[in-house]
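The values are calculated or read from the model by the stated rules, or taken from the named source; none is laboratory data. Remember, it's a predicted structure, so these values are computed and weren't measured experimentally. Cβ placement follows ideal geometry from the backbone for every residue including glycine, while neighbour counts extend to all protein chains displayed. Note: accessible area is taken over every heavy atom of the protein model, side chains too, but ligands, DNA and RNA are not part of it. Shrake-Rupley method; radii C 1.70, N 1.55, O 1.52, S 1.80 Å.
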Amino acid sequence: MNRLALISNPRSHGNRNGRSKLKAVESDDALAGFAEPQDPEALLEALRNFKSRDMEIIAVNGGDGTVREVLTALLRLDAEWRPELAIIPAGKTNLIAHDVGGFGLRPLLKAAGEGRLTGKRKRRRILEIRRYGLDETPICGLFFGAGAFSAGTELAAEKANRIGLYHGAAVIWTLCAMLWRSLRGQPYDPDVESTLMRLQADDGAGRKGPHFIILATTLHRLILRLNPFWGGQNGAIRYTDIAAPPIRLGAGVLPVLLGRPQPWMAEAGYHSGSADRLQLGLTSRFTVDGELFDPGPESRIEITAPRSIEFISP
């Protein structure tokens, strides 16, 4: 039998009506630990308890945001303790589970009870986003976005999800809405394109001036077969940034989404590559795994990926 602990987020989209299902499995013999924390401090205490009991595997029942909170709490608790994670996707997009794999709740418990959680492992680097001027544990996650991407995330939460669109459908709707508004010269936030001031990859020359969008990730695969990255891939973090206002956006959007740049794009301000460290100067909000964050009092953040963790795949 595998020693399995479960962290469940009752506020995740897929869990809001599933409390009876969780009640039914809390006493399952395969479940050596269970917690339903309501805030970061309760999550930290639950993980401290699991660590003291030598849990081998932590199942995360929630969406991308729940995974982000668990990863951040693990760093806050003990950077050297890295239990394996298994994801039970219950969010609105589940981008991380699409890459590393996800389980149903009962199949996961059955496999753990029979000692069969010994299959594939997918190791991923974890982004650590440090906000200068704040005394806090870095925000941990796997997908970062700023500029139009942050505005699009907010749009998806406010409109796409409201009309019942989730997962890939919400992504398609949001991309189309972003493209349509941009082509019409209607930015989502009048401050977005004027406050993304600087991006520096490793020790290279920083690119100053307004940016339309910035993306960074350590995931290997995105939903809908999207791959908006190209160039050298030797660094831990893949990134793409597009200058504002975006030139020939209508012609460039498909090559960007597929990671197939055209000859004219570099001169027009479309850049992509990889790095071990990104430094950004910005005063607009950014997203990490679907949640919006302020950049902090110094309007400066640093993104690194010094650690990795293993996810169990079905």
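Report, by residue number, each residue of segment 230-241 that is among the aliphatic types (A, V, I, L, M) and either free of Cβ contacts under 8 Å to residues at least 40 places away in the same chain or not in a strand (DSSP E or B) (or both).
Of everything in segment 230-241, just one residue is among the aliphatic types (A, V, I, L, M) and either free of Cβ contacts under 8 Å to residues at least 40 places away in the same chain or not in a strand (DSSP E or B) (or both), namely Ala236.
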Can you tell me which residues in segment 45-62 are buried (at least 18 other Cβ atoms within 10 Å of the Cβ) and part of a helix (DSSP H, G or I)? Ala46, Leu47, Phe50
Assuming Leu127 fulfils every condition listed in (1) part of a strand (DSSP E or B); (2) farther than 16 Å from Phe311 by Cα apart from one, which condition is it? (2)
Tally up the residues in segment 275-290 that are within 12 Å of Cys140 (Cα to Cα) and open to solvent by 10 Å² or more (accessible area, probe 1.4 Å), please. 1
Within segment 63-96, how many residues turn out to be among the hydrophobic types (A, V, I, L, M, F, W, C), closer than 15 Å to Leu219 by Cβ and open to solvent by 10 Å² or more (accessible area, probe 1.4 Å)? 1
In segment 271-286, what count of residues is obtained for those that are closer than 21 Å to Gln233 by Cβ and either at pLDDT below 95 or not charged (D, E, K, R) (or both)? 8
Of all residues in segment 252-287, how many are under 22 Å from Leu222 (Cα atoms), without any contact (Cβ under 8 Å) to a residue 24 or more places away in the chain and out of contact with any strand residue (DSSP E or B) (no Cβ under 8 Å at 6 or more places or on another chain)? 3
Among Gly147, Gly113, the single one that is at pLDDT 80 or above, small (Gly, Ala, Ser), surrounded by 13 or more Cβ atoms within 10 Å (Cβ to Cβ) and within 21 Å of Gly281 (Cβ to Cβ) is Gly147
Collect the residues in segment 206-229 that are open to solvent by 30 Å² or more (accessible area, probe 1.4 Å) and either more than 22 Å from Phe286 (Cα to Cα) or in a strand (DSSP E or B) (or both), keeping them in residue-number order. Arg207, Lys208, Leu224, Arg225
Residue identified as modelled with pLDDT of 90 or more and in contact with a Gly (Cβ under 8 Å, 6 or more places away or on another chain) among Asp294, Asp289: Asp289
Quick one: in segment 116-144, which of the residues that are among the β-branched types (Val, Ile, Thr) and open to solvent by less than 50 Å² (accessible area, probe 1.4 Å) is farthest from Ala216 (Cα to Cα)? Thr137
Looking only at residues in segment 297-314 that are part of a loop (DSSP other than H, G, I, E, B) and open to solvent by 20 Å² or more (accessible area, probe 1.4 Å), which one is modelled with the lowest pLDDT? Pro314
